[in-house]
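Worksheet: one structure, shown below.
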């Protein structure tokens, strides 16, 4: 049985595997990566990568209890640093991707699919409208934007863990002016530096705010702050351009929702074509989609490629409820 209820629950041969649950615990508890909505908050030991454990501890301030003796194979998923897909089961192999990206992005290698009998795949961008340009094209556009707008401050918005670090690395060679990190981004920069061999040149925003006016600095800030009052005051006082970074930027509406001057399709997830490639490479007997355009992707896989594909339903208790 596979169901979605506070994470994804698998009941296989009398053993319960629970993936990316906030509080539900099973015999085996899998944490795919260190974004808050995937972190396990019970006292149970968890299966995760060493880097995910270190980043989770930095985010929560709590020690992660890792399960050392388990039969789960962790495979880098290309989403953020430390993120992992999980393959488990004995005679029948189950593959849970978690959030996943097939493309190489900046400092991360893309996910390399492995075979499995049953695939549970995220479907955030599971319709053809979300087909992304090449990574080289995306990064070139970002660098051109920075180069072409040297005479005013820039405000660049992305998730504080993952996207923000990628933005910093992309612009590293072309910035040629101070880069400031919002407190939430600086905290994650510090955590990544401590847990890996990466380094970031950004200085704290709070004590260097004047650099926006004096040196046309570049501010890296969390997506949620793009329409915050303090951000509006900065733009009124110092001028400058706001840019948003997301796979959702494939649609024009993203630009207006975030009140951005420019947007870039920089994603930590597979686009539609990459999702199809992932499924075809795994070539499972059963496919379950979850999150985003789950119904649409399952329908496409069934109709166009003949897969036994279904979208996971919230709180479903048996396969007959599909």
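Over the chain, with a Gaussian network built from C-alpha contacts below 10 Å, which listed residue (149, 273, 29) shows the highest mean-square fluctuation?
Its mean-square fluctuation being the largest, the pick is 149.
Taking 4 °C and 1.567 mPa s as the conditions, I'd like the Stokes-Einstein D for the stretch 1-82 in µm²/s, using the Kirkwood hydrodynamic radius from alpha carbon pairs.
Values: Rh = 12.8 Å.
For the chosen part, D equals 101 µm²/s.
State the Cα centre-to-centre distance between the stretch 119-135 and the stretch 171-232 in whole Å.
29 Å
In which sequence would 188, 1, 198, 231 go, from the one with the fewest C-beta neighbours within 10 Å to the one with the most?
Working: 188 26, 1 11, 198 14, 231 18.
Going from sparsest to densest Cβ surroundings: 1, 198, 231, 188.
For n ≥ 4 DSSP H runs only, could you compute -39500 (n - 2.57) per run for the chain, divide by its residues and tell me the 222 nm figure to the nearest 500?
Details: 9 runs with 89 residues, N = 322.
Dividing the helical sum by the residues of the chain leaves -8000 deg cm²/dmol.
Dividing the alpha-carbon Rg of the chain by 2.2 N^0.38 Å yields what? Before the final figure, lay out each step's value.
Working: Rg = 20.5 Å, N = 322, 2.2 N^0.38 = 19.7 Å.
Against the compact-globule rule of thumb, the ratio is 1.04.
Could you list 155, 205 so that the one with the fewest beta carbons within 10 Å of its beta carbon is first and the one with the most is last?
Working: 155 25, 205 22.
So the residues, fewest neighbours to most, are 205, 155.
Separation of the stretch 1-28 and the stretch 251-308 by C-alpha centroid, Å?
Between the Cα centres of the stretch 1-28 and the stretch 251-308 lies a distance of 24 Å.
Could you give the alpha-carbon Rg of the stretch 135-264 over 2.2 N^0.38 Å, rounded to two decimals?
Ratio of Rg to 2.2 N^0.38 Å for the stretch 135-264: 0.97.
In units of 2.2 N^0.38 Å, what is the alpha-carbon radius of gyration of the stretch 1-146? Intermediate results must be reported in sequence, preceding the final value.
On the way: Rg = 16.3 Å, N = 146, 2.2 N^0.38 = 14.6 Å.
My calculation over the Cα atoms of the stretch 1-146 gives 1.12.
Where q = 0.13, 0.16, 0.23, 0.24 Å⁻¹, what log10 of I(q)/I(0) comes from the Debye formula for the stretch 87-170, counting one point per Cα?
-0.60, -0.82, -1.25, -1.30
Quick one: work out the % antiparallel among DSSP beta bridges in the chain, nearest 5.
Details: 16 of 50 bridges.
The answer is about 30 percent antiparallel.
Fewest Cβ neighbours within 10 Å first, please rank 39, 154 accordingly. Don't jump to the answer; show the numbers that get you there.
Numbers: 39 21, 154 24.
If I rank by nearby Cβ atoms, fewest first, I get 39, 154.
All of the numbers you see were taken from the coordinates with simple rules; none came from a lab. Worth saying up front: this structure is predicted, and the values here are computed from it rather than measured. No Cβ is skipped: glycine too gets one built from the backbone with ideal geometry, and neighbour counts run over all protein chains shown.
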